[in-house]
Amino acid sequence: MPAENVLFVCIGNAGRSQMAQAFAERAGFDVRSAGSHAESQLHPEVVEAMSELGFDLSGRVPHQLSDEDAEWADLVVTMGCGDACPVLPGKRYLDWNIQDPIGMPIEVVRQIRDRIAGLVAELD
C-alpha cells in the first residue's frame with residue numbers, strides 16, 4: 001500500500017483531479033484533490049465517464065485548495081493550475097499535462113479518464 005499522502009490539483013476540481021482522486025483511492029493511496037478556483041459541481045461528462053468504470057462521483061463536491069491541503073501532502077500532482085498551485089519545500093511534485101474535460105464530448109472525456117488511470121497506476 002502506498003505510504004505517501006497524494007494531493008491532486010487542477011483548476012476547478014470538477015474533472016481531472018476528481019478522476020485522479022477516485023483512481024488513487026481505489027489503489028489504496030491516502031489522497032485528496034482540490035482546485036485553485038474550485039467550481040460548484042463536477043462536470044456531468046466526468047461523472048458519466050467514471051460511472052462507466054464503477055465509480056460513483058455524483059455526490060462529490062469540488063474543494064477549494066487550502067494551505068492545509070498542501071501541508072498535508074507528500075506528493076502534489078498538478079494538472080493545469082499553473083502559478084496558483086502551491087510550491088512548498090520538502091514536497092515532491094509532478095505536473096501532468098492533461099486536457100481539461102469541461103464541455104468535451106464523452107469520447108474525449110473517456111480518453112482523458114483512461115490517461116489519468118494510467119498515470120495513477122504508475123505512481124509509487
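The values are calculated or read from the model by the stated rules, or taken from the named source; none is laboratory data. On a predicted model such as this, the values are computed, not experimentally measured, just so you know. No Cβ is skipped: glycine too gets one built from the backbone with ideal geometry, and neighbour counts run over all protein chains shown. We work out accessible area using only protein heavy atoms, side chains counted, and drop any ligands, DNA or RNA first. Shrake-Rupley method; radii C 1.70, N 1.55, O 1.52, S 1.80 Å.
Would you confirm whether or not region 28-43 contains a residue that is at pLDDT below 95 and in a helix (DSSP H, G or I)?
No, there is no match, as no residue in region 28-43 is at pLDDT below 95 and in a helix (DSSP H, G or I).
Count, please, the residues in region 89-124 that happen to be under 10 Å from ALA49 (Cβ atoms) and free of Cβ contacts under 8 Å to residues at least 60 places away in the same chain.
Total satisfying the criteria: 5.
For region 7-27, give me the residue count where each residue is part of a helix (DSSP H, G or I) and at pLDDT below 95.
To start, the set of residues in region 7-27 that are part of a helix (DSSP H, G or I) comprises 16-26.
Remaining after also requiring at pLDDT below 95: none.
Of the residues in region 7-27, 0 are part of a helix (DSSP H, G or I) and at pLDDT below 95.
Among the candidates VAL77, VAL120, single out the residue that is open to solvent by less than 20 Å² (accessible area, probe 1.4 Å), part of a helix (DSSP H, G or I), β-branched (Val, Ile, Thr) and within 22 Å of ASN5 (Cα to Cα). So that I can check it myself, show each step before the final result.
Values: VAL77 fails: part of a helix (DSSP H, G or I).
Exactly one of VAL77, VAL120 is open to solvent by less than 20 Å² (accessible area, probe 1.4 Å), part of a helix (DSSP H, G or I), β-branched (Val, Ile, Thr) and within 22 Å of ASN5 (Cα to Cα), namely VAL120.
Select, from TRP96, TRP72, the only residue that is within 11 Å of the chain's Cα centre (by Cα), surrounded by fewer than 21 Cβ atoms within 10 Å (Cβ to Cβ), within 15 Å of PHE8 (Cα to Cα) and among the aromatic types (Phe, Trp, Tyr). Lay out the reasoning, then the answer.
Numbers: TRP72 fails: within 11 Å of the chain's Cα centre (by Cα).
Result: TRP96 is the single residue among TRP96, TRP72 that is within 11 Å of the chain's Cα centre (by Cα), surrounded by fewer than 21 Cβ atoms within 10 Å (Cβ to Cβ), within 15 Å of PHE8 (Cα to Cα) and among the aromatic types (Phe, Trp, Tyr).
Give the number of residues within region 55-69 that are of a type in the set (S, T, N, Q) and open to solvent by less than 70 Å² (accessible area, probe 1.4 Å).
The qualifying residues number 1.
Being over 15 Å from the mean Cα position of the chain (by Cα) and closer than 15 Å to ASN5 by Cα narrows it down to one residue among GLY90, GLY54, GLY103, GLY59; which is it?
GLY90
Do we have ALA34 as of a type in the set (A, V, I, L, M), open to solvent by less than 30 Å² (accessible area, probe 1.4 Å) and free of Cβ contacts under 8 Å to residues at least 60 places away in the same chain here?
Values: of a type in the set (A, V, I, L, M): yes; open to solvent by less than 30 Å² (accessible area, probe 1.4 Å): yes; free of Cβ contacts under 8 Å to residues at least 60 places away in the same chain: yes.
Answer is yes for this residue.
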